[in-house]
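To start, the structure under review is shown below, and the notes come after it.
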Amino acid sequence: MAQDSGCSLNSDKADFDSVRRRDAEQAEKERQEARQRDLEKALNRAGIPERFAGKTFATYQNLGTSQKVARSTCELYADQFRAMKGNGVCMILTGSPGTGKTHLAVSVLRNVIDSGNTGLFVSVSEMLRKIRNTYAKGSKQTEEEAFSMFVKPTLLVLDEVGVAIGDEEKRKAMVFDVLNARYNALRPTIIIGNLTVEEMQSYLGERVWDRLMEGGSPVVAFTGESYRQRAPVKEAG
């Protein structure tokens, strides 16, 4: 009888342990699913263009030496973002169109958001349009509220810097106001533009460039063949 009782207790304990493991596995699965849903919502709010929504470091094509260096630099920036955030370190991506600047910037942004930070992707034109819309009669948003949209995110990716449209001096002044507010708040910004490093520095001006460079911000120059102009590879046979 004592042996039967011992076997029964061991069996009950094994069943109990098995149930606990299943419950723990189910709870972990539910946590992961909830985290993925939260990430997807955060990415949707981040304004990433549909064309780049699925872009990651893993899907980046290294066509040449400059792209390999660019990817390594951006991956390092993303991996060390906690330190970058603490010091307000920015990053500048410049160079030829179609070489993967936006792809890598979005990859960094995805990693930053996945780590629990807030982020926003916006072009200069879109940002300025949202700010200018507040000047219209009956606008439901104030200029201060519009500026806040671009100052509050932990990381701002600002695309198409250097595209000349309309009153360029007013555009530059608004861009400076946003970048200066982020600088004062120690919030990193990634700048993207189809300019050379020298052209980007000249366009932004000494004051803005000096502030962007504080803390050792990396400047990545993209060269080489455009993705968009590559002929599709034909399979043999």
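Values in this text are rule-based calculations from the coordinates and carry no lab data. The structure displayed is predicted, hence computed values, not measured ones. Positions of Cβ are generated from backbone atoms using ideal geometry, with glycine treated the same way; all protein chains shown enter the neighbour counts.
Things to note:
- Sparse packing (at most 11 other Cβ atoms within 10 Å of the Cβ) combined with a DSSP loop state is found for the following trypsin sites (Lys or Arg not before Pro) in the range 84-182: Lys137, Lys140.
- Dimensions (Å) - the range 50-222, Cα atoms, principal axes, largest first: 50, 34, 32
- Cut-off under 5 Å, modelled amide H: who pairs with Phe222 long-range: Thr94, Gly95, Ser96
- In the range 147-220, the inverse of the mean reciprocal separation of distinct Cα atoms equals 12.7 Å; this is its Kirkwood hydrodynamic radius.
- Out-of-range pairs (alpha-carbon distance over 18 Å; input Lys130/Lys170; Lys130/Lys172; Lys130/Lys152; Lys55/Lys172): Lys55/Lys172
- Evaluated with a Cβ-only charge set (Lys, Arg +1; Asp, Glu -1), the range 57-162 carries a dipole of roughly 100 debye about its Cα centre, given to the nearest 20.
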